[in-house]
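Contents: one structure, followed by commentary.
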Amino acid sequence: METRPFETKHLDKWKSNLDSCIRCGYCYEHCPVFKDTRWESDAPRAKMIMIYGLLSGKLEPSTYISDKLSSCFYCQRCVVACSSGVPLTDIITDAKRDFQGTEFETPGTTSVTNTDCALCLACVRACPHEAREFIEGKIFTDTVKCQSCGACVDICPNQAVATHLSYGTDRPSLNQEVATFLGKDNAKAIVFGCNWSYYPDLQSSVMDPTADPEYKILINMCGGRLEKPLLLEPLLQSAWGVLVACCPDGDCEHDGNVKAKTHVTALRQLLKEMDIDEDRIQLVQVAHGDKTGFQAAIDTFMETVNKLGPLNHR
Amino acid sequence: MEKIDVPRLISIVGEKNVKTDPADLYVYGSDASVHSARPWVVVRPENTEQVQAIMAFANQGKIPVVTRGGGSGMCGQTVPVKGGITLDMKRMNQILEINPSDVFCRVQPGVVDDDLNHALKPFGVFYPPTPASSRIATIGGEIGNNASGVRSVKYGATRDSVLGMKVVLPDGSLVTLGARTRVEATGYQLHKLIVGSEGTLGVVVEATLSFVPIPKFRCLGMANFDRLEDAGAAIADIMASGVVPSMLELVDSVAIKAVNKTMDLGLPEVEAVLLYEADAMVKEAVDHEINAMQEVCKKHGGKGLTSSYDAKERAKIFMGRKKLFPALSKFSDILSSTSLADDMAVPYSKMAETARTIHEIAKRNNIIMTAYGHCGSGCMHTKILMEPTRQDQWESARKAVAEIYEYVRSVKGTTSAEHGIGISKASAFKAEKSDSLDLMRNIKKAFDPNNILNPGKLMDAHDDWVTATDLRYTIA
């Protein structure tokens, strides 16, 4: 495929904003990409520094840099946290724009379609960002428009869509985390939290590895991405309960909270039919940044689960 | 990249924990300061044994090693001026033990301050040094800088809370310093020396920290002053009166204007605002302290006195101070907020004069400077607002910074209260501590004969901070 040379055509206008960035690093703790890899190069601040390097000629464009700059879930939490009011995601989008069509362009966290695609076009219709197109018999993702929300991953009936780099937010990674945690002695419950709605503490540190926590919070990009098999998996692995946290009504631009509610309602019904207490699966809606509310919801849930005791498979 | 045996480092920490891409090196070459340089390689150790192996390897080849936590330092402490290995300590992030009966906790250096306090909260205690950057600052970095924050007036700085530590020396050997007891008189307390040594003496791999009970009552008050000097006199009087505030903050008129301009908070356009706080386990004790501070403020012409115990009300009163940092960053599209001469300390009686002098120096040098800070600890913060792409602005900044530090020394103040020295303040530090520099050099040599740990900092730093490294900005 023919490529064009890399130019900082769209990035040029951000020079003074990048000077304003005081590099305080307050964006780190909010970034799901950084929290997964814990490399500073994956934090929002690093993205700004790399762009600064490209603009000043101190860094040469590369596939590696393109990959870093294209790895963003657009949760906007860095933008809200920024001391200097730097519009990080707008700048990242322009970086993707400048890399698009060059030899360095990479998908990062944007979605890719594999050969299992049945061309049903459900993903094209579902994309809230008009990033997916049907061109000459194939589905293409516009890496600039794609905001890695995963609506296409969720809707694909053939599981032919995936985010290229998931940073621990895809189903296999979450299943792996569930299995690892539930292998511990005192493990009782899994809490699935939507990246937009919840705000756990202990962001970057871990308690004594010999300590025995009763529950584990797992990050998912959106409540709508929590499919039923994923929610049932902990119970199949002897968890005592599963709590799902998602945004309040009207707060989710993908209606992910509506989907999460539907899934949880259906699963509660299923448990009931199986003569299992339906309260072993619960849903809580948490407003953005409401740490206290989220913790209180977890505490209440754990009280219920502890009263119910272990789940006996029959 | 300089020639370095990367496969050897990979054999120690694994391939996933070594970075050599130019983009990674560029990112790890800067922090929150104005400086920039590049390491040759970034390595993430997971445990003490790996740190020991890396140090032994580096010492053998005389390779520089810079230890790095959150990278939130403001003076260039983690900028690798001589290249070498940057040790990213964020993987050593375990809270190893919380021991309420013996009143200590043990943590690895990569634990984030806020995370530690979150973990301590269920025990009804907190770790008090807490700088403003506590959401990303690591305990290791705070130890390196002897960090402190708004409550240092009552609870002290990091050094006051560190009981002991395990440190890997440049040759790879491990030493245990300090104790787990509240007091110790057992020879040189070398752990206290490590605090504030900016990664030049050893690599901290574990710290034993004390904590204090979370007070049940907290009250925050505010007073406005038409004259800066009156606010200064109130500060000195409060601190001399026997009152122990848990916070005493000064905000100057430049800061007030910045907050009003960018945040529209409608703060009164006076010359100075004082924020004062008291905390205790019984309300009467807090009442006593707050009343005493209000009386002093009234005596010196303080107006619009207000105070509250309510958390929401306190947040409202503190809003102007809290929004100051972003307000200065957003003050103008062409001006950037830089951390230079940003945390000197002066005697209480000189607080107002210092703020006034800073304004005069800024005006004389055609830059904008604000003065605010934890005046209860004698700490004055400033930010220099300037056009960082203009060479002449750097000349002005260089001149202003030199004049400020000359004044600070003249009133027997000190170069840094809480951000440390690094590169930016090295010349002022050397001028202030001129008669003990040789002693410090000998101590450094005793710990690190090959000068591999964070070379080019403190006594070893360039005398001109503007040309010591590349600046992070592109200057026309």
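The values are calculated or read from the model by the stated rules, or taken from the named source; none is laboratory data. Model, not experiment: these values are computed from the prediction. Glycine also receives a Cβ, built like all others from the backbone with ideal geometry; neighbour counts cover every protein chain displayed.
Just name the residue that is farthest from the other protein chains (Cβ to nearest Cβ) out of those in the range B:1-49 that are in a helix (DSSP H, G or I) and charged (D, E, K, R).
Narrowing the range B:1-49 to residues in a helix (DSSP H, G or I): B:6-13, B:15-17, B:22-27, B:48-49.
If we keep only those that are charged (D, E, K, R) too, we end up with B:8, B:15-16, B:24, B:49.
Values: B:ARG8: 21, B:GLU15: 13, B:LYS16: 9, B:ASP24: 5, B:GLU49: 16 Å.
Top of the filtered list is B:ARG8.
In the range A:28-54, what count of residues is obtained for those that are farther than 15 Å from B:VAL27 by Cβ and in contact with a helix residue (DSSP H, G or I) (Cβ under 8 Å, 6 or more places away or on another chain)?
Adding up the residues that qualify gives 4.
Report whether or not B:ASP342 is closer than 25 Å to B:ILE475 by Cα and surrounded by fewer than 19 Cβ atoms within 10 Å (Cβ to Cβ). Walk me through it before giving the result.
Details: closer than 25 Å to B:ILE475 by Cα: yes; surrounded by fewer than 19 Cβ atoms within 10 Å (Cβ to Cβ): no.
No.
In the range B:101-141, which residues are more than 12 Å from chain A (Cβ to nearest Cβ) and out of contact with any strand residue (DSSP E or B) (no Cβ under 7 Å at 6 or more places or on another chain)?
B:SER101, B:ASP102, B:PRO129, B:THR130
One residue is enough: does the range A:37-47 have a residue meeting the conditions crowded, with 24+ Cβ neighbours inside 10 Å, under 14 Å from A:THR89 (Cβ atoms) and either more than 12 Å from every other protein chain (Cβ to nearest Cβ) or more than 25 Å from the chain's Cα centre (by Cα) (or both)?
Looking for residues that are crowded, with 24+ Cβ neighbours inside 10 Å, under 14 Å from A:THR89 (Cβ atoms) and either more than 12 Å from every other protein chain (Cβ to nearest Cβ) or more than 25 Å from the chain's Cα centre (by Cα) (or both), one finds none in the range A:37-47, hence no.
A:ARG125 is checked against (1) surrounded by 20 or more Cβ atoms within 10 Å (Cβ to Cβ); (2) not assigned by TED's automatic domain parsing to the domain that holds A:CYS21 and fails just one. What number does that condition carry?
All conditions are met except number (1).
Yes/no per residue for (1) touching a residue at least 12 places away in the same chain (Cβ under 8 Å); (2) under 24 Å from the mean Cα position of the chain (by Cα); (3) buried (at least 22 other Cβ atoms within 10 Å of the Cβ):
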position: B:SER210; (1), (2), (3): yes, yes, no
position: B:PRO213; (1), (2), (3): yes, yes, no
position: B:PHE217; (1), (2), (3): yes, no, no
position: B:GLY221; (1), (2), (3): yes, no, yes
position: B:PHE225; (1), (2), (3): yes, no, yes
position: B:GLY232; (1), (2), (3): yes, yes, yes
position: B:ILE238; (1), (2), (3): yes, no, yes
position: B:LEU265; (1), (2), (3): yes, no, no
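For A:GLY53, are the conditions met, namely being within 12 Å of chain B (Cβ to nearest Cβ), within 21 Å of B:ARG472 (Cβ to Cβ) and not in a helix (DSSP H, G or I)?
For A:GLY53, the condition - within 12 Å of chain B (Cβ to nearest Cβ), within 21 Å of B:ARG472 (Cβ to Cβ) and not in a helix (DSSP H, G or I) - is not met.
Any residue at all in the range B:198-207 that is within 14 Å of chain A (Cβ to nearest Cβ) and not basic (Lys, Arg)? If you could, list the steps in order and put the result at the bottom.
Going residue by residue through the range B:198-207, those that are within 14 Å of chain A (Cβ to nearest Cβ) are B:206-207.
In the following step, the residues that additionally are not basic (Lys, Arg) were identified as B:206-207.
Yes: one or more hits.
Give the range B:74-89 a look and list any residue that's within 14 Å of another protein chain (Cβ to nearest Cβ) and either surrounded by fewer than 24 Cβ atoms within 10 Å (Cβ to Cβ) or farther than 19 Å from A:PHE34 by Cα (or both), or say none. Give the derivation first.
Within the range B:74-89, the first condition is being within 14 Å of another protein chain (Cβ to nearest Cβ), and the residues that meet it are B:74-80, B:86-89.
Once the filter is applied, which keeps residues that are within 14 Å of another protein chain (Cβ to nearest Cβ) and either surrounded by fewer than 24 Cβ atoms within 10 Å (Cβ to Cβ) or farther than 19 Å from A:PHE34 by Cα (or both), the range B:74-89 yields B:MET74, B:CYS75, B:GLY76, B:GLN77, B:THR78, B:VAL79, B:PRO80.
Could you run through the range B:314-348 and say how many residues are within 23 Å of B:ILE290 (Cβ to Cβ) and either among the aromatic types (Phe, Trp, Tyr) or more than 12 Å from chain A (Cβ to nearest Cβ) (or both)?
Matching residues across the range B:314-348 total 9.
Considering only residues of the range A:5-35 that are more than 12 Å from every other protein chain (Cβ to nearest Cβ) and assigned to a loop (DSSP other than H, G, I, E, B), which is surrounded by the fewest Cβ atoms within 10 Å (Cβ to Cβ)?
Among residues in the range A:5-35 that are more than 12 Å from every other protein chain (Cβ to nearest Cβ) and assigned to a loop (DSSP other than H, G, I, E, B), the one surrounded by the fewest Cβ atoms within 10 Å (Cβ to Cβ) is A:PRO5.
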